[in-house]
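S.K.: The structure follows.
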Amino acid sequence: FPNRKIDILVPEAELAEHSPTALLAAQDEQVVAKLKDICPSAAGAYEQGVRDLAGAARSSYRGPATDMREALRETLHALAPDDEVKRQSWYKPVNGSDKPTMAQRARYALEAARKGEQVTGAAVRSVEVSEELFTGFLRDVYGRSNVSTHTDAGKAEAEKMHALIRVVLADLLGL
């Protein structure tokens with residue numbers, strides 16, 4: 001068979017079902033569905049941002065970038081209310097603010113999602129390290145989304161923000 005050309009082993013319709021675009025759409029649908037239960041306004045912002053990115057050419061991509069950033073912010077506020085975060089033994093105000101940081105909210109949300117799991121020994125440190133990495137990643141993603149919101153960085157950057165925020169939301173939502 002080395003000289004024989006095999007064009008398609010799987011029907012094109014099946015390939016389309018498993019294309020990266022279809023997969024991303026399915027992941028976005030999961031995020032939106034879960035957000036509708038937790039924070040409908042975040043679901044609406046996220047869904048609108050996805051639709052705007054997929055739509056016809058735009059002269060600016062600030063709108064989708066802002067929608068994505070706000071979906072992330074609203075989700076963190078819904079999963080980690082101020083009073084709940086402030087009750088944690090590890091909570092400390094930062095830079096004189098009386099509000100929890102995004103990283104503190106993310107830590108609370110991740111810990112709440114893991115509540116009830118048996119985590120002992122080395123697994124405890126593993127969870128701590130993963131939370132530290134995730135909250136650092138979250139700060140970077142949110143900072144990057146601020147730039148995309150305040151300056152029109154273009155479609156490519158808006159699409160990168162979408163991908164990064166989808167990863168963060170999927171983790172926070174347990175998807």
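S.K.: Find all pairs meeting these conditions: Cβ atoms under 7 angstrom apart; at least six residues apart or on different chains; first residue within the stretch 156-174 and on the phi > 0 side of the Ramachandran plot; second residue among the aliphatic types (A, V, I, L, M).
M.R.: 174/113
S.K.: Based on this model, can you work out whether residue 97 counts as in a loop (DSSP other than H, G, I, E, B) and either at pLDDT 90 or above or open to solvent by less than 50 Å² (accessible area, probe 1.4 Å) (or both)?
M.R.: Taking the combined requirement at face value, the residue satisfies it.
S.K.: Output yes when any residue across the stretch 59-69 is in contact with a helix residue (DSSP H, G or I) (Cβ under 7 Å, 6 or more places away or on another chain), in contact (Cβ under 8 Å) with a residue 60 or more places away in the chain and surrounded by fewer than 19 Cβ atoms within 10 Å (Cβ to Cβ), and no when none is.
M.R.: Yes, the stretch 59-69 has at least one match.
The values are calculated or read from the model by the stated rules, or taken from the named source; none is laboratory data. Fair warning: this is a prediction, and the values are worked out from it, not measured in the lab. Don't worry about glycine lacking a Cβ; one is built from the backbone with ideal geometry, like all the others, and counts go over all protein chains shown. The area values use the complete protein model at the heavy-atom level, side chains included, leaving out ligands, DNA and RNA. Shrake-Rupley method; radii C 1.70, N 1.55, O 1.52, S 1.80 Å.
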